[in-house]
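See below for the structure under consideration.
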Amino acid sequence: MTDSNKICEFCNVNFKNKYGPELGEFFLELHETLDLKKTKYKKIDISNFKVICPNCHKIEHEKMRMRKPMDNNV
Ligand SMILES: [Zn+2]
Ligand SMILES: [Zn+2]
């Protein structure tokens, strides 16, 4: 991970600046933007991932759930 990857892509909070280099590194999560159910092959492609903080990550999954009310998979 580079320093630029320690910024949440959604709220732009720099966790390295906010919590220090050690904590900031562990705080961010990877969110996969591809809908795996619509993808026939499971290929890990880093361009399909967003670096995102836990708060925004939860919100993104809430949005995905709202778009697909029958889908309870997280
Ligand atoms: Zn965020
Ligand atoms: Zn996710």
* Evaluate the range 11-25: report whether one residue or more is within 13 Å of ligand 1 (Cβ to nearest atom), surrounded by 10 or more Cβ atoms within 10 Å (Cβ to Cβ), part of a loop (DSSP other than H, G, I, E, B) and modelled with pLDDT of 85 or more. => yes
* Determine whether the range 48-70 contains at least one residue that is at pLDDT 85 or above and touching a Lys or Arg at 6+ places or on another chain (Cβ under 7 Å). => no
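The values are calculated or read from the model by the stated rules, or taken from the named source; none is laboratory data. Not measured: the values here are computed from a predicted model. All Cβ positions, even for glycine, are placed from backbone atoms using ideal geometry, and neighbour counts span all protein chains on display.
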